[in-house]
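Every number here is computed from the coordinates shown, using simple stated rules; none is lab data. If you're wondering where the values come from, they're calculated on a predicted model, not measured in any experiment. Neighbour counts run over all protein chains shown; Cβ positions are idealised from the backbone, glycine included.
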Amino acid sequence: MSPLLIAGNLLGYIVCVYIIIVGAGEVGSYLARILVEEDHDVAIIESSEQLARDLDASLDALVVHGTGVSQQAFVHAGIAKADLVLAVTEIDEVNLIACMTAMKCERKPRTVARVRRAEYLADGSALSAEELGLDLLVGPERSVAREVVSLLSYEGSGNVHYLAGGRVALLELPLSNDSPLTNETLAELSDVFPNPSLVAAVSGPRGFRIPHGQDAISPDERAYILTLPENANEFWILSGKPWHHVRHALIVGCGQIGFHLARELETNQLYPTIVEVDRDRAQWVSKRLTKSIVLCGDGTDPEFLREQLDERADAVVVLLEDDEKAVLAGLFAKHLGAKKVIVRSDTPAYNHIAHSLGVDALISPKRAVADDILRFVRRGRIEAAHMLGDHDGEIMELRVPNDPDHKLVGRALKEVEFPSDVLLGAVIRTDRVTIARGDTVLEQGDDLLVVASSKSVHDVEDLFS
């Protein structure tokens, strides 16, 4: 997923040597872990003394107990040598002030602020990142809502993402015991797949891996498949899972994401029923949505949920901010017969059990924010990236340099030494998309989809430098 970005000056490649993260909640700690793994020097400013102490003991980073609005905390965190400041606390105003405080430093690092409230990102009615003196404002609500719309229009189980300007679909496909894609080697399945298609990665109880020709997928695993969008129907059938055309959706919880989702669905002539437990919020929403049904009630109450499913819903989208309640409500909705269930969850540990018990797709707004900040940090030769698993791997969009003397130009792939956990998946040229083979010869300006484990991202960047 790709959150809404309002960027100031994004020109050039950001090579970050020293990064300060303000706020070490789920987003901040996720970012810190990955940036440390990528060999950046990281400092963290965290207002919770206990959380700061825990991070100091578990992470190879400088941890400062303080707030992002304190110049003293920034001095202790090393603001004088910082290249980039990421303000990602739960409070929008703290993030904005933290970035402005950092900008007072003589070095003037690049600044990124996470914002949650829609008015900070409203088109034409709010100050832009550039007007605020920041490099990036990032908030996930609208884009996460659009992703849910695409999942509701996608008739199979699992997730679908569109890459390379929509020319390639990435299917995250759960497989049943009846699926012909299980227990046969990928080499044996090559004649079964619609062309062009490729199993780019696999995840499950055994972890994440990039498969080879003699590998086989188990029914308890999920396959990441690169294919053309028009091939998706065939893979739904091959997955062995039921697929379903959504006619009416029930939204449980109507915060910012739920509200934007309902507006998107109304635009697409799919009028949802919304269940919101807070009476004031339900009234606010009902005044602004003209075609949706808004009910004040507890969507986690089994009898209430059963009644709504019996009356008017075949798909359920659970958008509660409490992950445990959200997953349980989604599982109960599936148990009650909901044909499609999508759940908001920012806890990666819940993903496998939720998938194994029938939840079709999980979305994580906090993960969406963190992933897009990572794309900003690494902006350069990687034109776009989609994270796989719990940042276990990535599918990157790269371009072969327009240099006839570059080491990749004019060479067959079998002559290029790729790391063992890197796979060149697809080659996109003006007139066609092809799956890369050993005898594929790369040309100047080719757009490529490359799959890599997280530890090999730098190796891929070096290969294209």
Could the peptides 69-78, 43-52, 185-194 be put in order, highest first, of the mean number of other beta-carbon atoms found within 10 Å of their residues? 43-52, 69-78, 185-194
For region 409-465 and region 236-288, what is the separation of their Cα centres, given in Å? 40
Between residue 234 and residue 191, what FRET efficiency follows from the Cβ-Cβ distance if R0 is 22 Å, with the result rounded to 0.05? 0.95
Sites residue 336 and residue 390 - FRET efficiency at Förster radius 45 Å, r taken between beta-carbons, to 0.05: 0.95
Does a label point 7 Å from the Cα of residue 430, set along Cα-to-beta-carbon, have any residues of region 153-182 with amide nitrogen under 20 Å, and which are they? 164-168
Please give the length that would be gained between residue 312 and residue 59 if that part of the chain were fully extended, namely 0.36 nm times their separation in residues minus their C-alpha to C-alpha distance (nm, one decimal). 86.2 nm
Of the listed links 340/455; 241/291; 291/334; 287/325, those spanning more than 30 angstrom between alpha carbons are 340/455; 241/291
I want the antiparallel fraction of DSSP beta bridges within the chain, as a percent rounded to 5. 55
Rg(Cα) / (2.2 N^0.38 Å) computed for region 249-367, rounded to two decimals: 0.98
Evaluate the relative contact order of region 368-463 (contact order divided by residue number), counting alpha-carbon pairs under 8 angstrom at least 6 apart; express in whole percent. 32
Cβ-Cβ FRET estimate between residue 295 and residue 117, R0 fixed at 25 Å, reported to 0.05: 0.50
About the Cα centre of the chain, what is the dipole size in debye to 20, counting +1 per Lys and Arg Cβ and -1 per Asp and Glu Cβ, all else neutral? 840
Beta bridges per DSSP with both ends in region 236-366, % antiparallel, nearest 5: 0
For the pair residue 353/residue 220, report the inter-label distance in nm, with labels modelled 7 Å from Cα in the Cβ direction. 1.4
Where labels lie 7 Å past Cα in the beta-carbon direction, separation of residue 155 and residue 108 in nm: 5.6
When the helices in the chain are scored as -39500 (n - 2.57) per DSSP H run of 4 or longer and the sum is shared across all residues, what 222 nm value do you end up with, to the nearest 500 deg cm²/dmol? -8500 deg cm²/dmol
What is the Cα radius of gyration of the chain over 2.2 N^0.38 Å, N being its residue count? 1.01
Send over the Kirkwood Rh of region 368-463, from the inverse of the averaged 1/r over different Cα pairs, rounded to one decimal Å. 13.8
Which of 422, 258, 85 sits closest to the plus end of the dipole of the chain, meaning its Cα is farthest towards the positive end, when Lys and Arg get +1 and Asp and Glu get -1 on the C-beta? 258
